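Asker: Before anything else, here's the structure in question.
The values are calculated or read from the model by the stated rules, or taken from the named source; none is laboratory data. Computed from a prediction, not measured in an experiment: that's the story for all the values here. No Cβ is skipped: glycine too gets one built from the backbone with ideal geometry, and neighbour counts run over all protein chains shown.
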Amino acid sequence: MGKMVGLSRNLKMTWLNKAVELLSENLPEQDYKDRLNEYLSFEIKSPTNLRKTREILMNLWYYENPETESLRTQARVLIENDSDNSLAAHWCIILVTYPIFVDVSRIVGKLSEFEEEFTIQQLKQKIFDEWGERATLFHSIDKIIATMKAIGALKAEKSGRYTIIKHEVRDDKVNALLVSAGMTVEDKGNFTLQDLREMSYMFPFKYQIEREMLMMNDTFTITNIGGEMMVSLTASL
């Protein structure tokens, strides 16, 4: 059976931020849905598209998910403390929720290592090689790229050609969130510093991962294996 795509609608930063903002009201599920529906209906007229968009936002931020609960808490605090953290916070939560977003981001990151621009055709071919060529996937890739443009990770140079917009990360709490999300996505136990500095799916971010930051954060456990420093998550996120 092929992997489930799931991410079938494009998202905007204002919608993502609204999904987080509503959490502070501790609304029951139906009330949360109603409020989100009301907000989205100003821009989304199709009932089907509205429902799909709402469900994606709720998958990201509302529905119970033990695997991402700790990351959600970290990300939400960062957004509430400083709206400039919104891109990194939402990016991490989308990554740990939707595997297709991981693979698209990873390939974009890899393509950008060799050329300043990449084409949608290059991206789709590489995704099809991994996931198989499916109509739902073809649609999803377009929506993911539209989302990346809307939230400030990509810029369209011309039709079908894109470049990355880099965002420098100076806050160690944001650096820690990026690392935690990357380690959750990979789920392989131990990581070298080099592994953490070369997460291609974090392509929009110019981030710093230093030993001191990791050692001072209880989220991470530092060990020595074969003479090399290894990093792991202290508890499952």
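Asker: Take Ile209 and tell me if it is closer than 26 Å to Leu233 by Cβ, more than 14 Å from the chain's Cα centre (by Cα), surrounded by 14 or more Cβ atoms within 10 Å (Cβ to Cβ) and among the β-branched types (Val, Ile, Thr). Spell out how you get there, then give the answer.
Answerer: Details: closer than 26 Å to Leu233 by Cβ: yes; more than 14 Å from the chain's Cα centre (by Cα): yes; surrounded by 14 or more Cβ atoms within 10 Å (Cβ to Cβ): yes; among the β-branched types (Val, Ile, Thr): yes.
Yes; evaluated as a whole, the condition is true for this residue.
Asker: Return the residue satisfying two criteria in turn: it lies in region 212-237 and is part of a loop (DSSP other than H, G, I, E, B) and within 22 Å of Tyr98 (Cβ to Cβ), and of such residues it is nearest to the chain's Cα centre (by Cα).
Answerer: If we filter region 212-237 for residues that are part of a loop (DSSP other than H, G, I, E, B), which is where we start, we get 216-219, 226-227, 234-237.
In the following step, the residues that additionally are within 22 Å of Tyr98 (Cβ to Cβ) were identified as 236-237.
Numbers: Ser236: 18, Leu237: 15 Å.
For region 212-237, the residue satisfying everything is Leu237.
Asker: Tell me which residues, restricted to region 132-147, are touching a residue at least 12 places away in the same chain (Cβ under 8 Å) and either buried (at least 19 other Cβ atoms within 10 Å of the Cβ) or among the charged types (D, E, K, R) (or both).
Answerer: Step one: list which residues in region 132-147 are touching a residue at least 12 places away in the same chain (Cβ under 8 Å), which gives 132, 134, 136-147.
Within region 132-147, Arg134, Leu137, Ser140, Ile141, Asp142, Lys143, Ile144, Ile145, Thr147 qualify.
Asker: Shifting gears a bit: Given the residues Leu95, Leu71, Leu50, Leu7, which is the only one that is of a type in the set (A, V, I, L, M) and more than 21 Å from Phe138 (Cα to Cα)?
Answerer: Numbers: Leu95 fails: more than 21 Å from Phe138 (Cα to Cα); Leu50 fails: more than 21 Å from Phe138 (Cα to Cα); Leu7 fails: more than 21 Å from Phe138 (Cα to Cα).
The unique qualifying residue is Leu71.
Here's the yes/no breakdown for (1) at pLDDT 95 or above; (2) more than 19 Å from Trp91 (Cα to Cα); (3) among the acidic types (Asp, Glu):
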site	(1), (2), (3)
Ile165	yes, no, no
Ala181	yes, no, no
Asp218	no, yes, yes
Ala235	no, yes, no
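Asker: Select the helices (runs of 4 or more DSSP H) contained entirely in region 50-115, then report the ones holding at least 2 residues which are surrounded by fewer than 17 Cβ atoms within 10 Å (Cβ to Cβ). Spell out the reasoning first.
Answerer: Numbers: elements: 69-81, 86-97, 99-112.
The helices (runs of 4 or more DSSP H) meeting that bar are 69-81, 99-112.
Each row is one residue, and each column tells you yes or no for (1) hydroxyl-bearing (Ser, Thr, Tyr); (2) within 15 Å of the chain's Cα centre (by Cα).
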| position | (1), (2) |
| --- | --- |
| Arg161 | no, no |
| Val169 | no, no |
| Val174 | no, yes |
| Thr192 | yes, no |
| Ser200 | yes, yes |
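Asker: For region 61-68, check the following and say yes or no: at least one residue is under 30 Å from Gln208 (Cβ atoms), touching a Pro at 6+ places or on another chain (Cβ under 8 Å) and of a type outside the set (A, V, I, L, M).
Answerer: no
Asker: Sticking with this structure for a sec: Give Val179, Val231 a once-over and let me know the one that is closer than 21 Å to Val108 by Cα and either crowded, with 19+ Cβ neighbours inside 10 Å or touching a helix residue (DSSP H, G or I) at 6+ places or on another chain (Cβ under 7 Å) (or both).
Answerer: Numbers: Val231 fails: closer than 21 Å to Val108 by Cα.
Answer to the selection: Val179.
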